[in-house]
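The values are calculated or read from the model by the stated rules, or taken from the named source; none is laboratory data. Model, not experiment: these values are computed from the prediction. Glycine gets a Cβ as well: all are built from the backbone with ideal geometry, and neighbour counts include every protein chain shown. In case anyone asks, the SASA skips ligands and DNA or RNA and just uses the protein heavy atoms, side chains included. Shrake-Rupley method; radii C 1.70, N 1.55, O 1.52, S 1.80 Å.
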Amino acid sequence: MCGIVGYIGAQTSSTAQEVVLSGLERLEYRGYDSAGVAVLDGECVAMRKRAGRVADLRAVLAEEPLAQSPAAIGHTRWATHGIPSDRNSHPHLSADGRVAIVHNGIIENAPQLRNDLIAQGIEFASDTDSEVIAHMLGKAVAERGDLTQAMLGVVARLEGSFAVVATYAGQPDRLVGARRNSPLVVGLGDEENFFGSDVVAFVGRTKEAMAVGQDQIVTLTAHEVTVTDFAGNQAHAEKFSVDWNLETAMHDGYPTFMDKEIHEQPSAVAETLRGRTTPDGHLKLDELRIEEYELRAIDKIIVVACGTAAYAGHVAKYAIEHWCRIPVEVELAHEFRYRDPIVTSKTLVVAISQSGETMDTLMAVRHASEQGARVLAIVNTYASTIAREADAVLYTHAGPEIAVASTKAFTAQITATYLLGLYLAQLRGNKFVDEIAGYLEELHAMPQRMEFVLEQEEQIRELARTMAEVNSVLFLGRHVGFPIALEGALKLKELAYIHAEGFAAGELKHGPIALVEDDLPIFVIAPTPRRPLLHSKVMSNIHEVIARGARAIVIAEEGDSAVDDHATAIIRVPHSTPTLMMPLVTVIPLQIFASELASVKGFDVDKPRNLAKSVTVD
Ligand code: F6R
């Protein structure tokens, strides 16, 4: 949560400010309740900051421009300590106005540090925990004369999580950043270097990046990068290349990032599948760094994840248990570490995360490792913390997901878990090579099947437009349709701010049916008629809700005529889609519906209220 950008170039120019502002615009998905930028201005640091979006900050800068500078730092905020307001926005300044900082994270001992500073005569200008860092750095740099040395002294006294970037008027040729438990990356340019919460901050300006490690301090000049640990010893930070480009981080003609990302799902799935088979038809997962004998010995899988990523885990459970005969538990990451889970060296913990920075999931990964489990991460963001701390990583290749509501990451995550399941089945001999090849062929056919559903977009949007006034929607599914019902409800809650609940259809009669009343819209995810037992049960559920006055909007296979006479609306998924692959197509109408209902209601589809893309506090 919160986005940080820093820029240092060889020239004094307007570039620094513009790079930071456009980086903040791209990072707004991390938090968007206030924004600010600071530049060097002679003996001091000057800044502008405002509650609101980066666009509001730009308006302020148009009226009150800042000086040109070789360096700038900026921040877009998701409030933790202190309400969203001008005064609580970042950057924060030291008492003498010569140091400015931007911070992402939570300083847990801020109250004590603040009291100490007040006792020393410092006056605070905000209610944030972050401001203590600015004052401590200001005092330390006044004593030591060097920003890096000052940062070393300050981080030793901070408890909690932080990615912090500082600029100091006394050393205009450098920026200094430090990181503990919050994300921070460096972009390596030509006569310019960057800090960012992630690579989206500087995408389009450089393809070379460096992942700042845990407890590292980085000093950036336009030409040089120096990395140390918190004790001041020289340290190594891993370099990587950025394969995302500016276009992938732009709207591309779609009205919102979410709409663009919904449409990118066929290619996200195809990219996640690309290059995973050998010429003789074997599945290969090159990135896995866990020994084959260890994977063969696994006797349990626990998926840890949050929100949409956890629903991808729920879908995976059906496939992996079926293919590999290994029990799979799916656990919300924030519950996992507090309940003394049974984890042994034969447990494979699979952490699923788009951002790779979700604090709850990261803490679950650490807990699992401490308990002796092997941890495999399924992550979309290269070199993110979870990817680096896990024993192994399987990347989804969905490209940057900017809209706060997850769409293409979800379908790519399901795809990656399926690759993992099939790989384990191959390794452990649960399935013959030709069987695995058959499943892979079906997976490769999914992007085209997804396109088939996307072609019904206008019909789904029209349906949503007729429902602008509804204030409750239910979602029902069985088997792999159940997690999709949960995901459909989550999308609607987070985007359209209405009551929405997903249920296992079989659970209906055990309570939720009491919610059914006249005209209540209920989405029903119908299984294929080729699974007659499952199909007939869901048909009965449809009859039960219609009998009580509900409107059934059914997602059904092409040619499934059983639903024709009963549904208020039918959205079709392609015929012959195997049951386990169904989630990749059935979720799409629910995403489109939520996006359209939100925009009909006048809400910001990409930046729903109170949320942030990357939940880096727990
Ligand atoms: C919902 C959504 C969230 C995330 C969750 C985990 O649309 O986006 O529920 O899925 O916060 O985030 P990652 O995958 O980054 O760990």
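Numbers below:
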| quantity | calculated |
| --- | --- |
| Candidates 103, 75, 90 - the one that is assigned to a strand (DSSP E or B) and in contact with a Gly (Cβ under 6 Å, 6 or more places away or on another chain) | 75 |
| Criterion (more than 13 Å from residue 95 (Cβ to Cβ), in the same structural domain as residue 161 (by TED's automatic domain parsing), open to solvent by 60 Å² or more (accessible area, probe 1.4 Å) and touching a residue at least 12 places away in the same chain (Cβ under 8 Å)) met by exactly one of 116, 127, 146 | 127 |
| Qualifying positions in region 286-311 - touching a helix residue (DSSP H, G or I) at 6+ places or on another chain (Cβ under 9 Å), open to solvent by 10 Å² or more (accessible area, probe 1.4 Å) and more than 19 Å from residue 364 (Cβ to Cβ) | 288, 292, 296 |
| Residues of region 367-409 satisfying the condition of being of a type in the set (Asp, Glu) and either closer than 13 Å to residue 289 by Cα or open to solvent by less than 20 Å² (accessible area, probe 1.4 Å) (or both) | 389, 391, 401 |
| Filtered residues of region 364-398 (kept if within 14 Å of the chain's Cα centre (by Cα) and away from the ligand (no atom under 14 Å from the Cβ)) | 383, 397 |
| Residue 269 in the same structural domain as residue 407 (by TED's automatic domain parsing), in a helix (DSSP H, G or I) and of a type outside the set (Gly, Ala, Ser) | yes |
| Selected residue (only one of 467, 446, 450 is more than 18 Å from residue 312 (Cβ to Cβ) and open to solvent by less than 10 Å² (accessible area, probe 1.4 Å)) | 467 |
| Residue 590 more than 16 Å from the ligand (Cβ to nearest atom) and either of a type in the set (D, E, K, R) or not in a loop (DSSP other than H, G, I, E, B) (or both) | no |
| Subset of region 4-33 [surrounded by fewer than 24 Cβ atoms within 10 Å (Cβ to Cβ), of a type in the set (A, V, I, L, M) and not in a strand (DSSP E or B)] | 21 |
| Filter result for residue 409 (within 17 Å of residue 199 (Cβ to Cβ) and within 11 Å of the ligand (Cβ to nearest atom)) | yes |
| Residue 523 within 16 Å of the ligand (Cβ to nearest atom) and farther than 30 Å from residue 337 by Cβ | no |
| Matching residues, region 341-363, being in contact with a Leu (Cβ under 9 Å, 6 or more places away or on another chain), open to solvent by less than 20 Å² (accessible area, probe 1.4 Å) and either within 15 Å of the ligand (Cβ to nearest atom) or farther than 14 Å from residue 304 by Cα (or both) | 349, 350, 351, 353, 356 |
| Answer from 219, 256 - the residue that is of a type in the set (Val, Ile, Thr) and within 16 Å of the ligand (Cβ to nearest atom) | 256 |
| Every pair of residues 6+ apart whose Cβ atoms lie under 6 Å, when the first sits in region 288-305 and is at pLDDT 95 or above while the second is open to solvent by 10 Å² or more (accessible area, probe 1.4 Å) and within 16 Å of the ligand (Cβ to nearest atom) | 302/331; 303/330; 304/331 |
| Output for region 593-610, where each listed residue is of a type in the set (A, V, I, L, M) and either touching an Asp or Glu at 6+ places or on another chain (Cβ under 6 Å) or away from the ligand (no atom under 11 Å from the Cβ) (or both) | 597, 598, 600, 605 |
| Residue list for region 205-234, filter: out of contact with any Phe, Trp or Tyr (no Cβ under 9 Å at 6 or more places or on another chain), more than 16 Å from residue 381 (Cα to Cα) and not hydrophobic (A, V, I, L, M, F, W, C) | 214, 219, 221, 223, 224, 226, 228, 229, 232, 233, 234 |
| Per-region count, region 490-506, residues more than 16 Å from the ligand (Cβ to nearest atom) and under 24 Å from residue 581 (Cβ atoms) | 4 |
| Residue list for region 317-331, restricted to those being under 19 Å from residue 412 (Cα atoms) and open to solvent by 10 Å² or more (accessible area, probe 1.4 Å) | 317, 318, 330 |
| Single match in 489, 496 (criterion: at pLDDT 95 or above, touching a Gly at 6+ places or on another chain (Cβ under 6 Å) and more than 18 Å from residue 319 (Cβ to Cβ)) | 489 |
| Selected residue [crowded, with 23+ Cβ neighbours inside 10 Å and polar (S, T, N, Q)] from 579, 568, 586 | 586 |
| Tally, over region 38-72, of residues that are in a strand (DSSP E or B), open to solvent by less than 60 Å² (accessible area, probe 1.4 Å) and more than 17 Å from residue 612 (Cβ to Cβ) | 13 |
| Candidates 504, 468 - the one that is within 23 Å of residue 560 (Cβ to Cβ) and touching a residue at least 12 places away in the same chain (Cβ under 8 Å) | 504 |
| In region 321-355, the residues that are at pLDDT below 95 and on the phi > 0 side of the Ramachandran plot | 340 |
| Condition check for residue 314: open to solvent by 50 Å² or more (accessible area, probe 1.4 Å) and within 12 Å of the ligand (Cβ to nearest atom) | no |
| Residue that is surrounded by the most Cβ atoms within 10 Å (Cβ to Cβ) [pool: residues in region 232-258 that are free of Cβ contacts under 8 Å to residues at least 24 places away in the same chain and over 22 Å from the mean Cα position of the chain (by Cα)] | 235 |
| Any hit, region 517-528, residues being open to solvent by 20 Å² or more (accessible area, probe 1.4 Å) and touching a helix residue (DSSP H, G or I) at 6+ places or on another chain (Cβ under 7 Å) | no |
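Rundown of residues vs (1) open to solvent by 20 Å² or more (accessible area, probe 1.4 Å); (2) in contact (Cβ under 8 Å) with a residue 40 or more places away in the chain; (3) among the aliphatic types (A, V, I, L, M), yes/no style:
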| position | (1), (2), (3) |
| --- | --- |
| 191 | yes, yes, no |
| 195 | no, yes, no |
| 199 | no, yes, yes |
| 205 | yes, yes, no |
| 208 | yes, no, no |
| 211 | no, yes, yes |
| 221 | yes, yes, no |
